[in-house]
Amino acid sequence: MKTGSIKHARQGGPGRRALANWAASGLLLCAAIPAQVQAEDAQAALSPSGEYSVYETEAAQTPPMGWNPWNAFRTDVDEQKIRGSAEALVNNGLAQLGYRYVNIDDGWALQRRDDGSLKIHDTMFPSAVVDGHPNGSFVPFTDFIHSLGLKAGLYTDIGHNTCAQRWDATSPNLPVGSIAERQVGSMDHAEQDMKTIFGTWGFDYVKIDACGVADYAPDVEPVQSGRFNVFPPYIVRGDIPNSDPDAVEALYADLGTAIKEWGGDDAVLSICAWGEALSPRWGNKRGNLWRTSPDIEFHWESMLRNIDSAVDRTLYAGPGHWNDPDMLAIGHGDFDENHLTEARAHMSMWAIMASPLLIGYDLRDAPQPLLDILGNREVIAIDQDAAGNQGVPYRDGEAMVVVRTLAGDGARAVVFFNRGDEPVSATVDWTQLGFAPGSEASVRDVWTHENLAAAKGAISVDLGAHEARLFRLKGTPADADAVWLDEMPGRINVAVDGIGNHSLPEGWVPARVAVAPDGSAFVSQGTSFAKGIGLFANSRVEIRTDGEFAKFDASPLVLNGSGSVRFLVYADRKLVGETTVKAGKSGKISADISSAQVFELVAIASSVGGERPPMIAWADAKLQR
Ligand code: GLA
């Protein structure tokens, strides 16, 4: 059987008792359910669970930082190059700044043996030749990496075969032997491989690719020619109806369980399904980071595409779980030492998006200006900020402003970014920053380490082609006793997004800060709301409050559709607020959430109709201390 059971693997799902309570309260009867979803499943998903249902480990509390050989060497890689870059990380000071995972990518596996064990490519990894270990051992390698004070990562695939086997057919580092022997991916070997990788070899991190379930369809040449077994794909790129997102999710879920068992709480799981199979929607339930896009290529347009794949997904990131727009291309092509403006823009955007920072450059011979960009302490501090809030984007033509709430009262980072080739001016205002009207904020340019003149009301910046400026601000919060949801996305989790396995039009995101899923502003009967979270009805959002807040206030909006939507607020599973709002209208809701650890926002549409549930907003949603 290829699919695991998603239902059993789901964390934080309601127990029988929760369902019984829900039914007893009468809510079960009046709640409407999307036609495509089994009634019971929809109800279960919308029931408050009182838990924070993400992939919960101690690992990756800030976005992982480190080095990976893929962008530097692709398949032309060996142990010497990896060890050399690990030593360089230590010698050039980057390790001390937080770059600590040294990861091996595709190419290390030579064979799957009859007993299911994996044999290492020892021409690639000479240190793996160890007496008494016919398959070789990575212990000498991980010992070396650990002796440098660093952590070690490895690579595998959820399918039977890896990406290089399909896409780098002339690589010197491909598996050899029969079809079965060349099946080095972890399908049907989740437990055994994770035991070996974490338990025996001592790795700390695994990146798990997905070509094995995407690229071995019956009609492709390598399969037709008999070199690989067919695998009817679970992922058809860009095509959800012909993909099987549940099956892909189930494979990662099984691997995650095995990783926790053998790698413990510090082990990192990096999901590499390139944003396919709805992985950006469930990645935070299944791993510590998940790719949101195809591989970065070393040109500007590719970087923009990868930014756009992650930048609106603010509500999916937080401590322990991060959107991954791919490894850094700094040092290559449009981001090389002759393009430092572009390299800085790339780094600025990754930092404001709380993205993993995995260097993909040969550090044994890196020009100082590139090292200065990768090693800018203040930029790294923004990426690694403890609050774990991904920035919130605002767009104005080619100008993009992204505001990130940092730990500490009134602390913000803001990127002013010119996507285009012509000069532009970009502006952020005090509402977007959540600062008190008329108050002053200090401004620091983190690239130049300079304090600039204090600002009031708004900040405008002129930007040259492809330029980004990154500032750290300290201002006066608009309300000393309250926090808007916009300012705490790292503590918000979209538990149920209301649209099941349905795909959305290009550019839509199921749950967003300050705008609706389609990017439109929150407007109701002529009134605009600058703040809040926008999503679909039939959704449930969990917010970690850790007993810090007393009261919740919001203006619930129903932005389209017909009928009405019930808005419900739960504090640690207890219903504490409720209101019903008609399509096109707004309402008010206020709830006592004193001492709640997790509170939940549930929205249920009264009727089914149209392609999707109506878009809603918890506008101006704010927590009072
Ligand atoms: C895929 C991944 C890359 C890299 C290669 C290795 O393309 O997205 O990051 O791991 O496979 O073959």
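A few points about this structure:
- Bridgeable lysines around LYS81 (alpha carbons under 29 Å apart, same-chain partners fewer than 8 residues away excluded): LYS119, LYS151, LYS195, LYS207.
- The portion of the accessible surface of region 392-474 made up by carbon and sulfur, rounded to a whole percent, is 47 (1.4 Å probe; DNA, RNA and ligands excluded).
- Cα gyration tensor, region 300-420 - rounded (a/c under 1.5), prolate or oblate: prolate
- Remark: region 132-283 carries 35 Å² of accessible area per residue (probe radius 1.4 Å; ligands, DNA and RNA excluded).
- Helix-only CD estimate at 222 nm, as mean residue ellipticity for the chain, using -39500 (n - 2.57) per DSSP H run (n ≥ 4): -5500 deg cm²/dmol
- A simple rule links phi to the HN-Hα coupling: the Karplus curve 6.51 cos²θ - 1.76 cosθ + 1.60 with θ = phi - 60°, which for region 188-195 gives 6, 10, 3, 5, 5, 5, 5, 4 Hz, with x for Gly and Pro.
- Normalising the average separation of contacting C-alpha pairs (under 8 angstrom, six or more residues apart) by the number of residues puts the relative contact order of region 392-474 at 34 percent.
- Of the accessible area of region 190-323, computed with a 1.4 Å probe over protein heavy atoms only, carbon and sulfur atoms account for 50 percent.
- What a 1.4 Å probe finds exposed on region 56-137 is 44% carbon and sulfur by accessible area, rounded to a whole percent.
- Rounded to the nearest Hz, the phi-derived 3J(HN,Hα) couplings of region 148-154 under the Karplus curve 6.51 cos²θ - 1.76 cosθ + 1.60 (θ = phi - 60°) are 8, x, 10, 10, 10, x, 10, where x marks glycine and proline.
- Dipole magnitude for the chain: computed about the Cα centre from +1 point charges on Lys and Arg Cβ and -1 point charges on Asp and Glu Cβ, it is near 1940 debye.
- The mean accessible area for residues of region 392-474, using a 1.4 Å probe and ignoring ligands and nucleic acids, is 42 Å² per residue.
- Packing-based ranking of 352-359, 434-441, 187-194 yields 352-359, 187-194, 434-441, ordered from highest to lowest mean Cβ neighbour count within 10 Å.
- Lysines whose Cα lies under 21 Å from that of LYS622, excluding same-chain neighbours fewer than 8 positions away: LYS474, LYS531, LYS551, LYS574, LYS585, LYS588
- Shape of region 392-474, Cα gyration tensor, a/c cut at 1.5: prolate
- Think of the chain as having a plus end and a minus end, set by charges on the Cβ of Lys, Arg, Asp and Glu; of TYR52, VAL139, TRP108, TYR52 sits farthest toward the positive end of this dipole.
- Gyration tensor verdict on the chain (Cα atoms; rounded if a/c is under 1.5, prolate if a/b is larger than b/c, oblate otherwise): oblate
- For region 314-425, the Cβ-based charge dipole about the Cα centre amounts to some 420 debye (Lys, Arg positive; Asp, Glu negative; other atoms uncharged).
- Across region 252-264, coupling constants 3J(HN,Hα) worked out from phi with the 6.51/-1.76/1.60 Karplus curve, θ = phi - 60°, read 5, 4, 5, 5, x, 4, 5, 5, 4, 5, 9, x, x Hz, and Gly and Pro carry x.
- Packing, taken as the mean count of other beta carbons within 10 Å per residue, orders the peptides 220-230, 365-375 from highest to lowest as 365-375, 220-230.
- Sparsely packed loop sites in region 548-590 (the trypsin sites (Lys or Arg not before Pro) outside DSSP H, G, I, E and B with at most 13 other Cβ atoms within 10 Å) comprise LYS588.
The values are calculated or read from the model by the stated rules, or taken from the named source; none is laboratory data. It should be emphasised that the depicted structure is a prediction, and the values quoted were computed from it without experimental measurement. Positions of Cβ are backbone-derived with ideal geometry, glycine not excepted, and every protein chain shown enters the neighbour counts. Protein only, heavy atoms only, side chains kept; ligands, DNA and RNA dropped before computing areas. Shrake-Rupley method; radii C 1.70, N 1.55, O 1.52, S 1.80 Å.
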